[in-house]
Amino acid sequence: MLDERDAAGPGRGRLAGFPDATPPIRAAGGVVWRPADDPGPVEGPAAVPRGGVLVCLVHRPRYGDWSLPKGKLEPGEHPLRAAVREVAEETDVRAVPQVRLPTVRYRSEGRPKVVDYWSMRAAATGGFQPATEVDDVRWLGVDEAIRLVSYPHDAEVLAAFAALPTVTATVALVRHAHAGKRATWSGPDTGRPLDARGWAQAHALAPLVALVRPVRLLSASARRCVQTLDPAAALLDLPIEVDGDLDEPRPGQQPDECALAAAARLAALAATGEPVGVCSQGKVIPGALARLSGRPGDFTTPKGGGWLLAFAGDRLLSGDRL
């Protein structure tokens, strides 16, 4: 129990006693939640919560502790994908990631360990079966969960979750993948296709977009934007809807006009409460996110990059870079 009890706490920089060159163990997990009145099945005892939300804790017999579900990243795995995978493996709950929570740093097996956490809405469960790694799962109100967890850093992550407004919708917003240089394309720019690097980026984005379980996929009208969502569309068996409100400025059109239109479209999509995947362009995304967030910031998005956006109604709560 010494490893986790010797935690440095979330967001406190490098660990005392470890040189900068020591490679950390990377892990990811989540605060998985569900409404208390959700009629779906719940594994383990469920205490009556304050605030109407239950969160999931796991018991690990190896350590004799209660903790948040988490696990190590596989080689080359994106932390967000690892977080969802590990939650499913430890709890048999399929969850939708929403808001990034504090990152935790502590010692484990003589090395620094870094764990990224997200809040996650429980979407489905297959029925928990006790195993060697996790032998019990409990759904508790946040206050009781904070009292039960074995480590102060887990309590801090739970407290950060408790301070969040309720998330009502998630959006995976991506910028189109690499499409070569405009100068080497002889046709209209809207027809410029992805190159080999861009297709690799598009295939890497697809499982990340799928994590939000979108019910719709929307794209700016440029060919490279539609193609960026093609692998996600195939994975999810969804059509791609072309939406001009996500386009870059046309000749004579002001960039602010496009940013306003895109921001309004994203807010309207979020207000439906349905998760969506969206692909737009580099001259649109920064301005749209600045308008949605209501504050200045660096919203520059590289080609093949993107954001996990969480909304309360039509109000943007958080944006986490993908």
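The values are calculated or read from the model by the stated rules, or taken from the named source; none is laboratory data. These figures come from a predicted structure and were not determined experimentally. All Cβ positions, glycine included, derive from the backbone under ideal geometry; neighbour counts span all protein chains shown. We work out accessible area using only protein heavy atoms, side chains counted, and drop any ligands, DNA or RNA first. Shrake-Rupley method; radii C 1.70, N 1.55, O 1.52, S 1.80 Å.
Go through (1) in contact with a Pro (Cβ under 9 Å, 6 or more places away or on another chain); (2) of a type in the set (Lys, Arg); (3) modelled with pLDDT under 90 one by one and return the number of the condition Arg26 breaks.
Among (1) in contact with a Pro (Cβ under 9 Å, 6 or more places away or on another chain); (2) of a type in the set (Lys, Arg); (3) modelled with pLDDT under 90, the lone unmet condition for Arg26 is (3).
Just checking, which of Val84, Val48 is at pLDDT below 90 and outside any strand (DSSP E or B)? Before the answer, list the steps.
Working: Val84 fails: at pLDDT below 90.
After applying the criteria, what remains is Val48.
Restricting the stretch 114-135 to residues that are open to solvent by 40 Å² or more (accessible area, probe 1.4 Å) and part of a strand (DSSP E or B), which is modelled with the lowest pLDDT?
Applying the first criterion (open to solvent by 40 Å² or more (accessible area, probe 1.4 Å)) to the stretch 114-135 yields 121, 123-126, 129-133, 135.
Then drop every residue that is not part of a strand (DSSP E or B), which leaves 121, 123-125.
On the way: Arg121: 96, Ala123: 92, Ala124: 86, Thr125: 82.
Top of the filtered list is Thr125.
How many of the residues in the stretch 76-98 are hydrophobic (A, V, I, L, M, F, W, C), under 20 Å from Ala310 (Cα atoms) and open to solvent by 10 Å² or more (accessible area, probe 1.4 Å)?
Of the residues in the stretch 76-98, 2 are hydrophobic (A, V, I, L, M, F, W, C), under 20 Å from Ala310 (Cα atoms) and open to solvent by 10 Å² or more (accessible area, probe 1.4 Å).
Restricting attention to the stretch 211-227, which residues are among the small types (Gly, Ala, Ser), free of Cβ contacts under 8 Å to residues at least 60 places away in the same chain and open to solvent by less than 30 Å² (accessible area, probe 1.4 Å)?
Step one: filter the stretch 211-227 for residues among the small types (Gly, Ala, Ser), giving 219-222.
Checking which are free of Cβ contacts under 8 Å to residues at least 60 places away in the same chain leaves us with 221-222.
Selection gives Ala222 alone.
Please verify whether Ala16 is at pLDDT 65 or above, among the small types (Gly, Ala, Ser), surrounded by fewer than 15 Cβ atoms within 10 Å (Cβ to Cβ) and farther than 25 Å from Asp136 by Cβ, treating the condition exactly as stated. Step through it out loud before you land on a result.
Details: at pLDDT 65 or above: no; among the small types (Gly, Ala, Ser): yes; surrounded by fewer than 15 Cβ atoms within 10 Å (Cβ to Cβ): yes; farther than 25 Å from Asp136 by Cβ: yes.
Spelling it out, it is not the case that Ala16 is at pLDDT 65 or above, among the small types (Gly, Ala, Ser), surrounded by fewer than 15 Cβ atoms within 10 Å (Cβ to Cβ) and farther than 25 Å from Asp136 by Cβ.
Pairs only if they're at least six apart or on different chains, beta carbon under 6 angstrom, first in the stretch 90-106 and assigned to a loop (DSSP other than H, G, I, E, B), second open to solvent by 10 Å² or more (accessible area, probe 1.4 Å) and not aliphatic (A, V, I, L, M); list them, first residue then second.
Matching pairs, first to second residue: Asp92/Thr125; Asp92/Gly126; Asp92/Phe128.
Which of the residues belonging to the stretch 250-270 are out of contact with any helix residue (DSSP H, G or I) (no Cβ under 8 Å at 6 or more places or on another chain) and open to solvent by 60 Å² or more (accessible area, probe 1.4 Å)? Break it down into steps so the answer makes sense when it comes.
Step one: list which residues in the stretch 250-270 are out of contact with any helix residue (DSSP H, G or I) (no Cβ under 8 Å at 6 or more places or on another chain), which gives 250-254, 257, 268-270.
Those that are out of contact with any helix residue (DSSP H, G or I) (no Cβ under 8 Å at 6 or more places or on another chain) and open to solvent by 60 Å² or more (accessible area, probe 1.4 Å): Arg250, Pro251, Gly252, Gln254, Glu257.
Kindly indicate the residue of the stretch 179-200 that is open to solvent by 40 Å² or more (accessible area, probe 1.4 Å) and under 25 Å from the mean Cα position of the chain (by Cα) and also nearest to Ala220 (Cα to Cα) among those meeting that condition. If you could, list the steps in order and put the result at the bottom.
Applying the first criterion (open to solvent by 40 Å² or more (accessible area, probe 1.4 Å)) to the stretch 179-200 yields 181-186, 188-190, 195-197, 199-200.
Of the ones still in play, those that are also under 25 Å from the mean Cα position of the chain (by Cα) are 197, 199-200.
Values: Arg197: 20, Trp199: 17, Ala200: 20 Å.
Step by step, filter the stretch 179-200, then rank; the result is Trp199.
Tally the residues that are β-branched (Val, Ile, Thr), over 19 Å from the mean Cα position of the chain (by Cα) and either in a helix (DSSP H, G or I) or at pLDDT below 95 (or both), restricting the search to the stretch 140-165.
Initially, the stretch 140-165 is screened for residues β-branched (Val, Ile, Thr), giving 142, 146, 149, 157.
Checking the rest, the ones that are also over 19 Å from the mean Cα position of the chain (by Cα) come to 142, 146, 149.
From the residues that got through so far, the ones that are either in a helix (DSSP H, G or I) or at pLDDT below 95 (or both) too are 142, 146.
Number satisfying all stated conditions: 2.
Which residue out of Pro79, Pro97 is under 25 Å from Ser318 (Cβ atoms) and touching a Lys or Arg at 6+ places or on another chain (Cβ under 8 Å)?
Values: Pro97 fails: touching a Lys or Arg at 6+ places or on another chain (Cβ under 8 Å).
After applying the criteria, what remains is Pro79.
Inside the stretch 205-322, counting only strands (runs of 3 or more DSSP E) that do not spill past its ends, which hold 3 or more residues that are modelled with pLDDT of 95 or more and within 30 Å of Trp185 (Cα to Cα)? Can you show your working first?
Numbers: elements: 216-219, 240-242, 276-280, 306-312, 315-321.
Fully inside the stretch 205-322 and qualifying: 216-219, 240-242, 276-280.
Give me the pairs: first residue in the stretch 232-249 and more than 14 Å from Val174 (Cβ to Cβ) and open to solvent by 50 Å² or more (accessible area, probe 1.4 Å), second residue charged (D, E, K, R) and not in a helix (DSSP H, G or I), beta-carbon distance under 8 Å, and six or more apart or on different chains, which are they?
Close Cβ pairs satisfying both conditions: Glu241/Arg216.
Taking only pairs six or more apart or across chains, which ones have beta-carbon atoms under 6 Å, a first residue in the stretch 157-183 that is more than 18 Å from Val226 (Cα to Cα), and a second residue that is crowded, with 24+ Cβ neighbours inside 10 Å and among the acidic types (Asp, Glu)?
Hits for this filter: zero, empty list.
May I ask you to list the residues in the stretch 64-81 that are charged (D, E, K, R) and part of a loop (DSSP other than H, G, I, E, B)? Spell out how you get there, then give the answer.
Step one: list which residues in the stretch 64-81 are charged (D, E, K, R), which gives 65, 70, 72, 74, 77, 81.
Residues satisfying the conditions are Glu74, Glu77.
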